[in-house]
Amino acid sequence: MTTSPAGPPEEPLVPAVPVAPGGDHETQEVAGLAARLRDHRLGSRLTLEVAAARVGLSPAYLSRLETGRRQPSLPVLLGLARAYGTSVSGLLGETFTEPDPVVRGGAIEPGRAGGWGYRRAGAPGRAMQALRVHVPPGVQDAVVRVHPGEEWLYVLQGRLKLTLGERVHLLEEGDSAHFDSLTPHCIAADSSSGVELLFMHTLLQSPGGELCLGGGPAAPHH
């Protein structure tokens with residue numbers, strides 16, 4: 001007697017909540033979860049078989065999740081979120097309010113370490129981040145940075161020394177620069193009072209990277 005190979009194991013999941021007579025099944029679980037699971041899979045252009053294999057489930061079990069006959073555990077939700085390129089919050093249908101597009105001005109307080117000062121100039125959580133930066137005067141052991149992304153800066157006050165590769169540029173008030181962050185670069189003040197910048201960056205494929213602002217402390221990530 002022969003047996004066919006076993007398929008992917010079914011992940012032990014939280015059983016579906018029994019439906020009371022006359023009750024609404026949708027109110028017994030996360031509202032709309034089953035439909036969102038299916039919509040995200042279809043939006044990712046994955047078949048049941050391919051999506052299930054990525055998460056280590058059987059296609060039959062994933063089908064039960066998409067029809068509301070089973071409720072997924074948190075590990076399964078995490079796996080599905082990764083497979084579909086979304087978040088657990090997205091699968092659960094949680095919504096977030098848009099950040100305020102207006103950022104009010106204010107003084108830049110110098111940092112305790114090295115005197116570098118930062119003030120957020122854009123909304124948090126965006127792919128492009130904007131800061132107002134004060135670079136302190138004096139000789140600095142600026143670290144040369146290289147990382148994926150782009151940077152743009154605009155000199156508000158003072159004079160800036162910008163090193164890009166082998167070239168050194170002196171930027172006056174009103175000057176700006178836009179460059180590929182894969183170009184070795186460092187920033188330093190070239191005026192006795194320091195320099196104030198408007199600075200924008202995208203750290204592409206480098207979520208743990210540092211801001212390229214010389215030897216001062218890294219600016220806060222938002």
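The values are calculated or read from the model by the stated rules, or taken from the named source; none is laboratory data. Please read all numbers here as calculations on a predicted model, not as lab measurements. In this analysis, Cβ positions are derived from the backbone assuming ideal geometry, glycine residues included, and neighbour counts consider all displayed protein chains. Keep in mind that these areas ignore ligands, DNA and RNA; they rest on the heavy atoms of the full protein, side chains included. Shrake-Rupley method; radii C 1.70, N 1.55, O 1.52, S 1.80 Å.
General observations
- Failed item, numbered, when LEU156 is tested on (1) modelled with pLDDT of 95 or more; (2) within 18 Å of GLY122 (Cβ to Cβ); (3) open to solvent by less than 60 Å² (accessible area, probe 1.4 Å): (3)
- In the range 211-222, the qualifying residues are those that are in contact with a Gly (Cβ under 8 Å, 6 or more places away or on another chain) and open to solvent by 30 Å² or more (accessible area, probe 1.4 Å), and the one that is modelled with the lowest pLDDT is HIS222.
- Check on GLY208, among the small types (Gly, Ala, Ser), open to solvent by 20 Å² or more (accessible area, probe 1.4 Å) and at pLDDT below 75: yes
- When ARG41, ARG45 are checked against the criterion of being more than 16 Å from GLN71 (Cβ to Cβ), open to solvent by less than 60 Å² (accessible area, probe 1.4 Å) and at pLDDT 90 or above, a single residue qualifies: ARG41.
- Taken together, GLY111, GLY125, GLY105, GLY115 contain a single residue that is open to solvent by 40 Å² or more (accessible area, probe 1.4 Å) and modelled with pLDDT under 75, which is GLY125.
- Residue check, LEU170 open to solvent by 30 Å² or more (accessible area, probe 1.4 Å), at pLDDT 80 or above and either among the basic types (Lys, Arg) or outside any loop (DSSP other than H, G, I, E, B) (or both): yes
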